[in-house]
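S.K.: Here's a structure for you.
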Amino acid sequence: MGYIQEVPDSQEGTKLRRTLKKRHLLMMSLGGTIGTRLFIGIAEPLHSVGPLGTLLAYLIAGGIMMMTMMCLGELSCAFPHSGSFQHYALKFLPHPIWSYTIGWLYWLSWVFSLAADLTAAGLIAHQFIPHIPVYYFCLGILLLLTAVNLLSAKIFGECEYWFSAIKVFAIILFILVGLYLIFQMYSSTPWQPTLKTADGWFPHGQWSIFICMTIVVYSFQGVELVGNAAGETESPQTVLPKVIKGIGIRIILFYVLAISILALVYPYDHPILGVSPFVWVFERAGLPNAGTFMTIVILSAALSAANSAIYASSRMLWSMAKDGFAPKMFARVNTQGVPARGILFTAAIALVSLLTKYISAQTLYLYLISSTGQVGCLAWMVIAWCQYQFRMQVKAGRYSAESIKYKSPFFPWIAWISIILNAAVIIGTWCSPQGISMLIAEGGLLVAILASYRWMNRQDGESLEAGRIYRPAKK
């Protein structure tokens, strides 16, 4: 069917190299949950649902992420592949249209996220050198990160390692400073720590928690990148279980503790001025140059997100080309073992960030984010669904029990709860002020992708049944 032709794994020049190490994957899994949305976006849920509601929202989102990662860990250990859940959807879901749709939706979401992250990084860099336009910074950062990804997966992993290290250091410093501030406030004033506001535990009602869940869940999205990286990691069956088991501890340490401190000391009715609440806490504690420090941290978070976006989108394009859902030229890799054509194509599409020359950078950033907000939840649903189908096929004898290298607990409850909660988040955010714009933007993308699938089917009257070649024969 036209260019839709499955590329065999044995074909020379299409194999990615396993150059990522354990420490890269460990830090990527940690850095993937610490982004600009935590440092800046946390102000919105604090204001809209109050301290207790914010803490509960992050606990729920963290729980959803943990369950999703358990499902992904089982799949990635059994079938390490850089296409991750897109490839698993082709193996385990009933029709290839699922794999085609989620693959292209996820790729587009990462490309738009890349443009948004470039815009955010350009805005931050512009604060340091105001006489250079934002779009020049966007172009320079894009060229730099593209070069990093073209060199090797190992170089990408090394950059992510240090970007994540900066973010982790900032969180640890915030926790220490926050504990000091709480002790100081408690010992010098009659202040008593509480999560209750003057308007009650939930100032805008209990259901407001689910309305703000897109912002909260979006803070965790990107951690599924570990599944893509598994295909380029040395001994993934050994490393991934350790990564998955450590995620729960990191959630408690870096999110729940940090947000609990923020919820206690930061006034929930503080107006949202685009300034990170972390800066407010640092300045309240008397930390010198707190604004500059957090600006550097947020810049590193934006660079890390953009770097990850190039990696994830190029690997997704490579996987779809291998599975016959994209031009097969994207399945080729360069001498360094990276999909150079996919990286360059993704970077070319991300040049939409240069539109900041003509429209407000803030407006462009918000539009790009609104067009991708729900795709991550949909991807998490697909991961859980694929894990359920995989385990059912093991039970039916289509795969051996030995193929399960890491076993997700509490089957099938983890998978079904993850699917239900992710669906609830998607539906709940349609009730938010930005819900309609998200629905329209993503609905438009979905219609375009389904139309392209139908158009390719009509090219020669055949159906895209590439996925069936991966299915084991019934015993």
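The values are calculated or read from the model by the stated rules, or taken from the named source; none is laboratory data. Nothing here was measured: the structure is a model prediction, and the numbers come from that model. Cβ sites come from the backbone with ideal geometry, for glycine too, and all protein chains shown count toward neighbours. Only protein heavy atoms, including side chains, enter the accessible area calculation; ligands, DNA and RNA are left aside. Shrake-Rupley method; radii C 1.70, N 1.55, O 1.52, S 1.80 Å.
S.K.: With just the Cα atoms defining each centre, how far is the range 404-431 from the range 89-161? Give it in Å.
M.R.: Cα centres, the range 404-431 to the range 89-161: 27 Å.
S.K.: In nm, what is the difference between 0.36 nm times the number of residues separating Phe169 and Trp430 and their Cα-Cα distance?
M.R.: Stretched out fully, the Phe169 to Trp430 stretch lengthens by 90.4 nm.
S.K.: Here's a follow-up. Taking a threshold of 32 Å on the Cα-Cα distance, which of the pairs Lys15/Lys242; Lys242/Lys328; Lys328/Lys395; Lys322/Lys395 fall above it?
M.R.: Details: Lys15/Lys242 26 Å; Lys242/Lys328 35 Å; Lys328/Lys395 35 Å; Lys322/Lys395 28 Å.
Listed pairs above 32 Å: Lys242/Lys328; Lys328/Lys395.
S.K.: If you don't mind, there's one more thing I want to ask. Around Cys386, with a cut-off of 11 angstrom between Cβ atoms, what is the net charge of the other residues, counting Lys and Arg +1 and Asp and Glu -1?
M.R.: On the way: positive: Lys91, Arg391; negative: Glu74.
Summing Lys/Arg as +1 and Asp/Glu as -1 gives +1.
S.K.: Using the Karplus equation 6.51 cos²θ - 1.76 cosθ + 1.60 (θ = phi - 60°), what ³J(HN,Hα) coupling, rounded to whole Hz, does each residue of the range 383-400 give in order, writing x for Gly and Pro?
M.R.: Computed from phi, the couplings for the range 383-400 are 4, 5, 5, 5, 5, 5, 5, 4, 5, 5, 6, 5, 5, 7, x, 6, 10, 6 Hz.
S.K.: Please turn the phi angles of the range 222-227 into ³J(HN,Hα) values with the Karplus equation 6.51 cos²θ - 1.76 cosθ + 1.60 (θ = phi - 60°), one per residue in order, whole Hz, x for glycine and proline.
M.R.: With the stated coefficients, the range 222-227 comes to x, 5, 5, 4, 4, x Hz.
S.K.: Order these peptides, 166-176, 146-156, by their mean beta-carbon neighbour count within 10 angstrom, highest first.
M.R.: On the way: 166-176: 17.8, 146-156: 19.4.
Averaged packing, sorted descending, gives the order 146-156, 166-176.
S.K.: Which order do you get for Ser403, Ser235, Ser418 if you rank them by accessible area with a 1.4 Å probe, largest at the top?
M.R.: Details: Ser403 20, Ser235 70, Ser418 0 Å².
If we order Ser403, Ser235, Ser418 from most to least accessible, we get Ser235, Ser403, Ser418.
S.K.: Shifting gears a bit: Probe radius 1.4 Å, ligands and nucleic acids ignored: give me the carbon and sulfur share of the accessible area of the range 275-321 as a rounded percent. Walk me through the intermediate numbers first.
M.R.: Numbers: 730 of 1200 Å².
On the range 275-321, the fraction of accessible area on carbon and sulfur atoms equals 61 percent.
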